[in-house]
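Student: Sharing a structure, written as structure tokens. Questions coming.
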Amino acid sequence: EPEIGEEVPSFIREDSASAEKLLKSNNVQPLILGSGNEIVAQYPEAGTNMIVNERVFLQTDGKVTMPDIKGWSSRDVMKLANFLDLDLKIKGNGYVVSQNLSENETVKENDQLIVKLESPKQPSSGENEQAEDAEAEDETE
């Protein structure tokens, strides 16, 4: 059961640095998307209850660049893609091990984001594509 925190205030037209500080003090993970200082969009929306350690996206004016999403869950990636209006393709299950849009690359609406996910138990060599099927079978012999 996730720990529910405070309601997310509206950060629209606020300064990104002070919003980031406030969110960190509420034990959530703010992610500033954009090169400007003034926030123009946010997720979750104002009035939504924050969940401890949840990612909160704050988009500023200025160009938006791709964050490093390695280690993110598919749920967080879907929220990000939806927030930035990216065309998302997910391959595999688990957590992100690679992304086609590199960190700090400028992104715009309808850009395609392709992520490869792997479960944390398997090696990240990338050679064994069948490992996802095999992981369900425990070694009970």
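Student: At 1.4 Å probe size, with every protein chain present, just tell me what the per residue accessible area of the stretch 45-129 comes to in Å². If you can, show how the numbers build up before the last one.
Tutor: Details: 4730 Å² over 85 residues.
Accessible area per residue, the stretch 45-129: 56 Å².
Student: Quick one: dipole size for the chain, taken about the Cα centre, charges +1 on Lys/Arg Cβ and -1 on Asp/Glu Cβ, in debye to the nearest 20.
Tutor: On the way: 13 positive and 29 negative charges, 135 e Å.
Approximately 660 debye in magnitude.
Student: Another one. Suppose R0 equals 30 Å. What FRET efficiency, 1/(1 + (r/R0)^6) with r the Cβ-Cβ distance, do D68 and S25 give to the nearest 0.05?
Tutor: Working: r = 24 Å, r/R0 = 0.78.
Step by step, r from the Cβ atoms, then E = 0.80.
Student: At a 1.4 Å probe radius, carbon and sulfur cover how many percent of the accessible area of the chain? Kindly include the intermediate steps, with their values, before the conclusion.
Tutor: Working: 3710 of 8800 Å².
Ligands and nucleic acids excluded, carbon and sulfur give 42 percent.
Student: Going down the table (K24/K89; K79/K108; K63/K91; K70/K91), which pairs top 21 Å between alpha carbons? Write out the running numbers ahead of the final one.
Tutor: On the way: K24/K89 30 Å; K79/K108 16 Å; K63/K91 28 Å; K70/K91 14 Å.
K24/K89; K63/K91, as the Cα separations exceed 21 Å there.
Student: Still on this model: Checking the a/c ratio against 1.5 first, then a/b against b/c, what shape does the Cα gyration tensor give for the stretch 12-82? Before the final figure, lay out the partial values.
Tutor: Values: a/c = 1.62, a/b = 1.12, b/c = 1.45.
Oblate shape, in that a/c is at least 1.5 and b/c is the bigger or equal ratio.
Student: Still on this structure, I have one more. Provide the percentage of antiparallel DSSP beta bridges, counting only those with both residues in the chain; round to the nearest 5.
Tutor: Working: 13 of 24 bridges.
Approximately 55 percent, going by the DSSP bridge assignments.
Student: If you wrap a convex hull around the Cα atoms of the chain, how much volume per residue is inside, in Å³? Don't skip to the answer; put the middle values down first.
Tutor: Numbers: hull volume 17.3 nm³, N = 141.
Cα convex hull per residue, to the nearest whole number: 122 Å³.
Student: Where the only charges are on Cβ atoms (+1 Lys, Arg; -1 Asp, Glu), what is the dipole of the stretch 1-83 about its Cα centre, to the nearest 20 debye? It would help to have the intermediate numbers written out before the result.
Tutor: Values: 8 positive and 13 negative charges, 65 e Å.
Taking the Cα centre of the stretch 1-83 as origin, the dipole is about 320 debye.
The values are calculated or read from the model by the stated rules, or taken from the named source; none is laboratory data. Note that this is a predicted model, so its numbers are computed, not measured. Methodologically, a virtual Cβ is constructed for each residue, glycine included, from the backbone with ideal geometry; neighbour enumeration extends over all protein chains shown. All accessible areas refer to the heavy atoms of the entire protein, side chains included, with ligands and DNA or RNA removed. Shrake-Rupley method; radii C 1.70, N 1.55, O 1.52, S 1.80 Å.
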